[in-house]
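Only the coordinates and a few stated rules stand behind these numbers; no lab work does. This structure is a prediction, so every number in the text was calculated from the model and none was measured. Using ideal geometry, Cβ is built from the backbone for each residue, glycine included, and neighbour counts are taken over all protein chains shown.
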Amino acid sequence: MAAQTSEITTYQNYIGGEWVDAASGETSENRDPATGELIGLFPRSGAEDVNRAVAAARKAFDGWRLTPAPKRGEILYRVGQLLAERKEEIARALTREMGKVLVEARGDVQEGVDMAFYMAGEGRRLFGSIVPSELPNKAAYGVRDPLGVVACITPWNFPVAIPSWKTMAALIAGNTVVLKPATDTPNSARLLVQVYADAGLPPGVLNLVCGTGSEVGTPLVQHPDVAGISFTGSNEVGREVNVEAARQFKRVTLELGGKNAIIVMDDADLELAVDGIVWSAFGTTGQRCTAASRLIVQKGVRAELEQRLLERATKLRLGPGLEETTDVGPLISRSQRDRVHSYMAVARDEGARILTGGEIATDGDLAQGNFYTPTLLGDVRPGMRVEQEEIFGPVLSIIEVETLAEAIAVNNNTRYGLSSSIFTNNINAAQTAMRDLTTGIVYINAGTIGAEIQLPFGGTRGTGNGHREAGLGALEFFTEWKAIYIDYSGRLQRAQIDA
Ligand code: NAD
């Protein structure tokens, strides 16, 4: 699976149960975003590799589809056990290639463990429906069939959790899979796939093809033997994937961007709110689809909350995620760092104030990585670009409002609809918020992050196309309903006609 020459390791794709080079023999570098160090070389695959992987998945499909779901579940259970045993090793590798602090990387792997056990259990359920027939001596029921070969295309920000969520749900339902990880995080996906291999997953059931969106993602989406696509990433790419898939009437789930807000009411427990805001805005360096990038605060506590946040934000320590003293790791890439920084000029032009941060961090060793200072923007008004656009970095916009109704309106008025939260001790305000916040996830007295895998995950409006990941929603995506009628009357009975 890997060859080492003069300290540089070259890794491979996983196709048909074997670790293989890209057909072209070409590779791409994978670097640590905190230090710039080379982690290894990964296959720069193309359409030929996609064709091979899809063919392998297709070949494996009947065997896997006909493997009893509880037996499929047993393999997933073993995957969960192995992931738990290797949690520390995988978390360290994940931090090295993605940058998030180690404690969060462990959480990323833990999501894989949780999902493995959850979906393993689904192997003994996969509930269908049994309903009465309108005709005598006739049985009627609905069962779930797998789609066939499915593509899982994943981003870099949860490099173990998101591939786990997708592949585990796809596999328990009886699909075979081609996984295309983000170009920045192939190593985490490789380690996950190795776990599957070691857990005894049959050859071809799960295949890994590393490479870019245009060279691997596009041919995968276009491949006529790929029946469904589970995509998580940006809105721009999600739209392209959706359009391509529509040409062949393929099923697609899109989990896209967010512009999530925390509302803080005058009556809130401010200490708790500060903890929730700092964790949601600056955890994972703001690179979560559920990160809080807006704080909507009621007028009476705005000044005090701003002051408390300033104190906390300026104390956050930047550094490599593997160092225990680090609170905030690097951004994934130099281009992402520069993109985040470009929003500071936008903020100033629109009349916002940079209360703290707003700078590329270059002190000492930080210059080697893609570090950005945790940033608070004051005087932000609804409609400004920094209030509307996904920045995907450690930047929090503070918006003052007068009332709960105004707070809810500001929260709901974006093109995204993933996660929202409210801090209040007023039960009526909390109930109203639960009813009127139009996001797929709502938190009361907690930040905007921290989803659990047994609940549906996804968003409204531009955050997706109406599907949900995790929980039972994932099975809805990865299965086709088949209605079955069994007539044991011994004569022709016509529905709607023979009463
Ligand atoms: P991205 O859209 O750039 O890439 C996502 C994946 O798509 C990568 O594997 C990429 O190589 C691939 N890709 C690129 N072009 C493609 C094409 N034409 N056809 C097929 N595949 C293609 O996103 P990213 O930068 O990796 O991730 C960050 C984005 O992901 C943010 O917008 C974030 O909000 C979003 N995200 C959403 C969720 C969610 O569940 N809603 C979760 C995590 C991240």
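Relative to the longest principal axis of the Cα atoms of the chain, the long axis of helix 47-65 lies at roughly 60 degrees. Projecting the Cα atoms of LEU355, ILE262, PRO146 onto the charge dipole of the chain (Cβ charges, centred on the Cα centre) puts PRO146 farthest toward the positive pole.
In this Cβ point-charge picture (+1 for Lys and Arg, -1 for Asp and Glu), region 260-444 has a dipole of about 440 debye about its Cα centre. Checking the cross-link pairs LYS71/LYS138; LYS87/LYS180; LYS100/LYS315; LYS259/LYS299 against a 29 Å limit on the alpha carbon distance flags LYS71/LYS138 as lying beyond it.
Dipole size of region 50-180 about its Cα centre, with +1 on Lys/Arg Cβ and -1 on Asp/Glu Cβ: approximately 360 debye, rounded to the nearest 20. Backbone N atoms of region 368-394 closer than 12 Å to the 7 Å Cα→Cβ label point of ARG353 belong to residues 377-380.
Computed about its Cα centre, the charge dipole of the chain is approximately 1480 debye, with only Lys, Arg, Asp and Glu carrying charge at their Cβ. Name the residue farthest towards the positive end of the dipole of region 45-114 from the options ALA53, ALA69, GLY112, assuming +1 on Cβ of Lys and Arg, -1 on Cβ of Asp and Glu, about the Cα centre. Value: ALA69.
The GluC sites (Glu not before Pro) of region 440-490 that meet both conditions, a loop assignment by DSSP and at most 15 other Cβ atoms within 10 Å of the site Cβ, are GLU452. Candidates THR439, TRP481, ALA407 compared by Cα position along the dipole of the chain: farthest toward the positive end lies TRP481, with charges placed on Cβ. With both residues required to sit in the chain, DSSP beta bridges show an antiparallel share near 45%. For region 212-223, 3J(HN,Hα) computed residue by residue from phi via the Karplus equation (6.51, -1.76, 1.60; θ = phi - 60°) reads 7, x, 6, 8, 10, x, 4, x, 5, 5, 7, 4 Hz, glycine and proline entered as x. With the Cα gyration tensor of the chain giving a ≥ b ≥ c as the square roots of its eigenvalues, does the rule (a/c under 1.5 for rounded; else a/b larger than b/c for prolate; else oblate) give rounded, prolate or oblate? Note, shape of the chain comes out oblate. Protection proxy ranking for 68-74, 284-290, 261-267, using the average of other Cβ atoms within 10 Å per residue and placing the highest first: 284-290, 261-267, 68-74. Scoring 251-257, 172-178, 130-136 by mean Cβ neighbours within 10 Å over their residues and listing the highest first yields 172-178, 251-257, 130-136.
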